[in-house]
Amino acid sequence: MDNFKNFLLLLWGAFFVFIIFQIISHFRYLQKLKKLKSTPLPQNLKKYIENLPQYQKLNEKQKRILEYKIQRFLLEKNFIPVNINLNDEIKTLIAFYACLPSIAYIDFCYPNLKNIYIYPHPVILKNLQNGYVVQEEEIIEGEATGENVIIAWDEAKKEIHHPNFRNVIIHEFAHQLDAADGVIDGIPPIETSKYNEWVKIMFGEYKKFKQKTLKNRFLGKFSLIDKYAATNEAEFFAVMSEYYFMKPQILKKHFPDIYKELKNFYKIEFI
Ligand SMILES: [Zn+2]
């Protein structure tokens, strides 16, 4: 009996030490993050982002916030290369476009995201359910599934250095933001008071766009939007987010209501 009591005491002692250790580790980590907030991005990484148009349009305060978020992102996320040599350029550019959309939310660092898989080329995704292929294989440049994000680097790099409106990194991280309230439905975590307006504008424009693409004529201004946005409300939000960060003038001119909704959410603009 005494032996059992001793065993229980030992167990409680080990548990207590474990909890204390966890608290100290967490406290140390918070201190580390606090220090990072005043640490500029080292020049050997900054050189990859300082000439990007989105970085140049930030004010000094926004640059500090973004540089902190990039360093935290690099610290917390696992970058997993698949048949590609991982380097600082790849990591820094992915972190830049991942953190840019969440710049208004300084302490938000995609808490559910663990891994970023980087492939050299687009990936053939096989949709399996209980071992059966339930859908045709699809070729993807990126994918966001809660814990994991997939990026095809050659496409991402092309989009960064020869900017059009597409940006697979912004696209996938718009999905991650959309998922932050628990469901990927084209509604990111917005203030409750703005919910009805968001649904009316974003879903209303999505329905118009979908109807026009189904008829496949008289697209008018909707011909500016990649047809992939007609897939569903979540893809519409992700594609519109790419426009918002890559070609904001076009979005504002032709779709001012969508622009306004995205500005309310992202709380930053590049015009
Ligand atoms: Zn998507």
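The values are calculated or read from the model by the stated rules, or taken from the named source; none is laboratory data. None of these values were measured; they are calculated from a predicted model. Here the Cβ is made from the backbone with ideal geometry for all residues, glycine too, and neighbour counts use every protein chain on show. To get the accessible areas, we keep the full protein, side chains included, count just its heavy atoms, and leave off ligands, DNA and RNA. Shrake-Rupley method; radii C 1.70, N 1.55, O 1.52, S 1.80 Å.
Does Pro163 count as surrounded by 14 or more Cβ atoms within 10 Å (Cβ to Cβ), at pLDDT below 90 and more than 16 Å from the ligand (Cβ to nearest atom)? The answer is yes for Pro163.
Do you know which of the residues in segment 166-188 that are more than 14 Å from the ligand (Cβ to nearest atom) and either of a type in the set (Val, Ile, Thr) or assigned to a helix (DSSP H, G or I) (or both) is least open to solvent (accessible area, probe 1.4 Å)? Among residues in segment 166-188 that are more than 14 Å from the ligand (Cβ to nearest atom) and either of a type in the set (Val, Ile, Thr) or assigned to a helix (DSSP H, G or I) (or both), the one least open to solvent (accessible area, probe 1.4 Å) is Ile187. All of Phe218, Phe236 fail the test of being assigned by TED's automatic domain parsing to the domain that holds His175, out of contact with any His (no Cβ under 8 Å at 6 or more places or on another chain) and within 16 Å of the ligand (Cβ to nearest atom), apart from Phe236.
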